[in-house]
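Everything below concerns the one structure shown next.
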Amino acid sequence: MRGLVSCLLVGCLLVAPASSYARRLPSSGGEVRVFSGDRRPAALDQALTTVPLVEPAARDLTPTEAAAWPPVEGTSRRSLMIASARTTDEGTGWRLSPTSLAGDLTRAVSSCLDPNAGTWPSIALAASGIQATITEVGSNTSVLFSTPVGDLLTLLEGCYESGGAFVGEHGRWRARVDAAGGKPRLDGVRVVSAPTEADLLLSGDDETGQLLVTDWPDVWLLVPDAATRDGGAWALADGEARAAFQRDLAPELILAVTRAGRGSGADSLLPPGVAPSRPPVALTPSEPRKLTLTPLPDSAPRVRLTHDPSDALAADLAARLALLLRARGWAVAASDAKGATTRIIQWRPPVADPALALLLLGAELDLPIPTAMVEPLWSLDRAVRTAAALTLEQQWMNEGLVTPLLTAARAVFVSPALHGVRLRGDGTPVLSDAWWDRP
Amino acid sequence: MASWLDRFAQRLEDRPDGPRGGLTLSLTAGRGVEARRVERIVGPHLTRRLERGGVVGPIQPSASYELRATVSLEGDSVWIVGLLSGGDLPAPIAVTQDWLVDRELEALLGLRPARTGQGRWTMERLGTLPAGVLDLAMVDLDGDGGDDLVVLGVDGLRTFLWSALEGRPMLSGGAVPLPSAPWERTHAGWLAEDDDTLIVSTTAGHDLRFDPRELTLTPGVGGRVPLRQARDDSRQSYVLGSRAPHSSGLTNVGVTGAPSLVRDLVRWPGRDDVALWVTGDGVLGGVGQAGPASFEERRVGDRIVLADLDGAAGPELVTTAASLPGEPDRVTVFGIGSTLESTSVLFEGELSGSVVALDAGDLDFDGRGELLFVEDTGGAAVLWLIRRRS
């Protein structure tokens, strides 16, 4: 199998969406070597060994996958296990009919939506205070919610069942003959420890393969605690202040250094690809501000900046934010100091629905979700759901609870000879329909 | 567009805490939409609708309520997102409305414009087809002299009649689902006209005949794969090949001089000694009147078309890809002679996705061919038309 190292020799660089090949007939066999770096291997294991209950409507399925996954009746989603999903009372009750392939649909849905499941659907329900009761009624599965859930199928995109294309553990997986949707073209997948040995890189800045970019970028957020907010370290409670802060932050320069420019500054929490464009802030024209640093007295207020130490982009942001704090008359406290703290976090919504994404952010950061917002956030009407999410997003930003810093594309690098690789919403590659081009 | 903006205005008017005595409105263009069109088309239309509604009051430069709205293209939908502030509102609220992009919105908002042509050639986007297209064939289904479409997709066969009025094909039949096949995964398919039926073959093992008028399926041609040929009344409209085991090509195509393994092969109209092919490893080759083709070696996509597209003597060759690394896929129309000594590029269209099916025919019965092809953009199958204008 040709590794990426061979591409280095010929100096090839492909930047293309996953499907950007002239059609070629696939061949069978071969192994894919994956370098996961600091990315979670558990997500790769899940993507290889399980299948989602529901495939998103907008996912770019290969023709093979589209053939294997039948459409859910009356919708644009596809599922191996669900033949139809109907609500009779505006979202409070749902009736799921299984396909002939479904093993135990009731058990699969129950284990996914259980409050202790730890899946993102169960977290989103819990953040809204919604209880789900799942029972078997005849051959169907009945799901009852304490508050109407308008789009159950989107929620079930975050539920996975065994029966994926591969089986294995400890970084080595082999193709399953009895995989749901048929045996994959590849013989197997294994994790390697060096990027130069890999055909697929989940992590790192190696740009010698095809670059597959996810449908939406990761977002870096500034999360001050109550003490920081009360002290007024950032003062970002209106759109104009946040726009001026963005100008001072110069995110494009930071991204140019660490991410080859693949990203941009952010004026909202939900990234493009998850939520539609919002109106920009009409800025009063002004000259770019010159940062003036003066010696700080010992009594200057202090704030601690924390971030994941393995996140290089967050480290660069912290350095720049320290400078901006200093220009505002604040000192950066030592990492082990007590007192006011501001976190820099990397966040990625696992789903393209703005309301579900925002609920998950609220759950992760323990942000307030007003009771009156719960029903519109779960509405069947996509426009109502989106409007509620964007209203809540504005509210959190204007209260200074969380501020967007920048977005950066998530990408994996793939050998140009490996075709049919897809990316899941969380950025993990799906290899069930991948194949090697061996002309 | 009227329905989309009406729905948006209705949502604004339905808010009990919304404006009643006047509104300041500003509109901007977001992702994928031209600012000029938002200003000149959406702005006046929305203003008129809100004023005629008589609920929010007049649109004026400095009212107590302000609505800042952005129009953007997100996937296959156009969105308007408004942030309403001022008045009695304690905090800004969002009002949104989405709408699937249709041809009217495409035209009004300048979304996904037709690609410009080179010289007299034009490339026009006709719309989308259900995802998962494997092949298409141009066949006269209604006997009007102009060709229509039969599309093979992963979920079955569909027929489309060409509408001269609309300038695009309209769905007339299907999907006729394919029966269960020996293998579950379908990577590729072939269609070829044979009298009143079409031969249908897929890599999943389908071997069928499709009657596009009756929408029925019957057993096929013994497991062989049909390769569509250039229009030539004196010859069969396809040649048959066999799937090569453990390979991505076809064998036994029965054409003199052809390699043992090909991905596609087309004979020169009116001649038995000239043919072009794509070899098993994806290289364009052929045999001409004077011997093996001597044109520059190039890698191409799996399918090629030989058809008269310019109305002059002799056919043109159409290939897909193969682009240099880092460049988008492309469809290329070559001028070529039956000696196969050289090729000249007549037209080249760049794409963002990959070409999954193509065929040539005569849609408008004017004697000059048109090329239809399907681009897979990752989720959507986009139908394009390339033609030479007179």
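The values are calculated or read from the model by the stated rules, or taken from the named source; none is laboratory data. As the structure is a computational prediction, the values presented were derived from the model and not from experiment. Here the Cβ positions follow ideal geometry from the backbone for every residue, glycine too, while neighbour counts run over all protein chains shown.
Scanning region B:178-218 for residues being surrounded by fewer than 21 Cβ atoms within 10 Å (Cβ to Cβ), of a type outside the set (Asp, Glu), at pLDDT 90 or above and outside any strand (DSSP E or B) gives a total of 2. For region B:266-274, state whether one or more residues are crowded, with 18+ Cβ neighbours inside 10 Å, closer than 26 Å to A:Glu65 by Cα and either in contact (Cβ under 8 Å) with a residue 12 or more places away in the chain or more than 14 Å from every other protein chain (Cβ to nearest Cβ) (or both). No, region B:266-274 contains no residue that is crowded, with 18+ Cβ neighbours inside 10 Å, closer than 26 Å to A:Glu65 by Cα and either in contact (Cβ under 8 Å) with a residue 12 or more places away in the chain or more than 14 Å from every other protein chain (Cβ to nearest Cβ) (or both). Here's a check for you: in region B:285-300, which residue that is within 14 Å of another protein chain (Cβ to nearest Cβ) and part of a strand (DSSP E or B) is surrounded by the most Cβ atoms within 10 Å (Cβ to Cβ)? It comes out as B:Gly285.
Scanning region B:96-108 turns up one or more residues that are farther than 21 Å from A:Arg385 by Cβ, touching a residue at least 24 places away in the same chain (Cβ under 8 Å) and in contact with a helix residue (DSSP H, G or I) (Cβ under 6 Å, 6 or more places away or on another chain).
The residue that is farthest from the other protein chains (Cβ to nearest Cβ), counting only those in region B:333-357 that are within 30 Å of A:Arg422 (Cβ to Cβ) and in contact with an Asp or Glu (Cβ under 9 Å, 6 or more places away or on another chain), is B:Glu350. Identify all residues within region A:229-257 that are crowded, with 18+ Cβ neighbours inside 10 Å and either in contact with a Cys (Cβ under 6 Å, 6 or more places away or on another chain) or under 29 Å from A:Ser203 (Cα atoms) (or both); write none if there are none. Selection gives A:Gln246, A:Leu249, A:Pro251, A:Ile254, A:Leu255.
Can you pull out the residues in region B:219-272 that are aromatic (Phe, Trp, Tyr) and more than 27 Å from the chain's Cα centre (by Cα)? None; the set is empty. Of everything in region B:27-38 that is within 14 Å of chain A (Cβ to nearest Cβ) and in a helix (DSSP H, G or I), the residue that is modelled with the highest pLDDT is B:Val38.
Against the definition (at pLDDT 95 or above, over 30 Å from A:Arg304 (Cα atoms) and either of a type in the set (Ser, Thr, Tyr) or part of a loop (DSSP other than H, G, I, E, B) (or both)), how does A:Ser193 come out, yes or no? For A:Ser193, the condition - at pLDDT 95 or above, over 30 Å from A:Arg304 (Cα atoms) and either of a type in the set (Ser, Thr, Tyr) or part of a loop (DSSP other than H, G, I, E, B) (or both) - is not met. The set of residues from region A:363-396 being surrounded by 22 or more Cβ atoms within 10 Å (Cβ to Cβ) and either touching a residue at least 40 places away in the same chain (Cβ under 8 Å) or more than 23 Å from B:Ser77 (Cβ to Cβ) (or both) comprises A:Leu377, A:Trp378, A:Arg385, A:Thr386, A:Ala389, A:Leu390, A:Glu393.
The set of residues in region A:75-86 that are within 17 Å of A:Thr141 (Cβ to Cβ) and either of a type in the set (Lys, Arg) or at pLDDT below 80 (or both) comprises A:Arg77, A:Arg86. Restricted to region B:358-369, and to residues there that are away from chain A (no Cβ under 14 Å) and among the hydrophobic types (A, V, I, L, M, F, W, C), the residue that is nearest to B:Ala307 (Cα to Cα) is B:Ala360.
Of the residues that make up region A:139-162, is at least one farther than 23 Å from A:Thr75 by Cα and surrounded by 15 or more Cβ atoms within 10 Å (Cβ to Cβ)?
no
So for region A:182-191 (the condition being over 24 Å from the mean Cα position of the chain (by Cα), among the acidic types (Asp, Glu) and surrounded by fewer than 17 Cβ atoms within 10 Å (Cβ to Cβ)), does at least one residue qualify? Looking through region A:182-191, at least one residue is over 24 Å from the mean Cα position of the chain (by Cα), among the acidic types (Asp, Glu) and surrounded by fewer than 17 Cβ atoms within 10 Å (Cβ to Cβ).
Collect the residues in region B:243-257 that are within 14 Å of chain A (Cβ to nearest Cβ) and surrounded by fewer than 20 Cβ atoms within 10 Å (Cβ to Cβ), keeping them in residue-number order. If the condition is that a residue be within 14 Å of chain A (Cβ to nearest Cβ) and surrounded by fewer than 20 Cβ atoms within 10 Å (Cβ to Cβ), then B:Arg243, B:Ala244, B:Pro245, B:His246, B:Ser247, B:Thr251 are the ones that fit. Pairing each residue of region A:261-274 that is surrounded by 23 or more Cβ atoms within 10 Å (Cβ to Cβ) with any residue that is in a loop (DSSP other than H, G, I, E, B) and small (Gly, Ala, Ser), provided the two are 6+ apart or on different chains, yields C-beta distances under 8 Å for A:Gly263/A:Ala409; A:Val274/A:Ala352. For A:Leu360, the conditions (1) touching a residue at least 40 places away in the same chain (Cβ under 8 Å); (2) on the phi > 0 side of the Ramachandran plot all hold with the exception of (2).
Conditions tested, residue by residue: (1) within 30 Å of B:Val355 (Cα to Cα); (2) touching a residue at least 40 places away in the same chain (Cβ under 8 Å).
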{"residue": "A:Pro71", "(1), (2)": "yes, no"}
{"residue": "A:Ser97", "(1), (2)": "no, yes"}
{"residue": "A:Thr133", "(1), (2)": "no, no"}
{"residue": "A:Asp151", "(1), (2)": "no, yes"}
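The number of residues in region B:361-390 being over 29 Å from A:Val421 (Cβ atoms), at pLDDT below 90 and assigned to a strand (DSSP E or B) comes to 2. Residues in region A:82-94 that are in contact with a Ser or Thr (Cβ under 6 Å, 6 or more places away or on another chain) and not hydroxyl-bearing (Ser, Thr, Tyr): A:Ala83, A:Trp94. Among the conditions (1) in contact with a strand residue (DSSP E or B) (Cβ under 9 Å, 6 or more places away or on another chain); (2) crowded, with 17+ Cβ neighbours inside 10 Å; (3) at negative phi, the only one that A:Ser84 does not satisfy is (2).
Checking each residue of region B:242-261 against the condition of being modelled with pLDDT of 90 or more, part of a strand (DSSP E or B) and of a type outside the set (Ser, Thr, Tyr) gives no match.
Looking at region A:47-155, the helices (runs of 4 or more DSSP H) lying wholly inside it that each contain 3 or more residues that are over 30 Å from A:His419 (Cα atoms) sit at A:105-113, A:120-127. Only residues that are modelled with pLDDT under 85 and surrounded by fewer than 20 Cβ atoms within 10 Å (Cβ to Cβ) were counted in region A:30-42, giving 6.
None of B:Phe373, B:Phe365 is crowded, with 20+ Cβ neighbours inside 10 Å and of a type in the set (Phe, Trp, Tyr) except B:Phe373. Candidates are the residues of region A:268-286 that are within 19 Å of A:Arg247 (Cα to Cα) and among the small types (Gly, Ala, Ser); the one that is modelled with the lowest pLDDT is A:Ser286.
Given the condition under 23 Å from A:Gly273 (Cα atoms), facing chain B (nearest Cβ under 10 Å), modelled with pLDDT under 90 and in contact with a Phe, Trp or Tyr (Cβ under 9 Å, 6 or more places away or on another chain), answer yes or no: does some residue in region A:52-64 qualify? For region A:52-64, residues under 23 Å from A:Gly273 (Cα atoms), facing chain B (nearest Cβ under 10 Å), modelled with pLDDT under 90 and in contact with a Phe, Trp or Tyr (Cβ under 9 Å, 6 or more places away or on another chain): present.
Matching residues to (1) modelled with pLDDT under 95; (2) of a type in the set (A, V, I, L, M, F, W, C):
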{"site": "A:Pro350", "(1), (2)": "yes, no"}
{"site": "A:Val384", "(1), (2)": "no, yes"}
{"site": "A:Val402", "(1), (2)": "no, yes"}
{"site": "A:Ala409", "(1), (2)": "yes, yes"}
{"site": "A:Ala417", "(1), (2)": "yes, yes"}
{"site": "A:Gly420", "(1), (2)": "yes, no"}
{"site": "A:Asp437", "(1), (2)": "yes, no"}
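Every test in (1) farther than 23 Å from B:Leu136 by Cβ; (2) within 14 Å of chain A (Cβ to nearest Cβ) is passed by B:Ser260 save one, and that test is (2).
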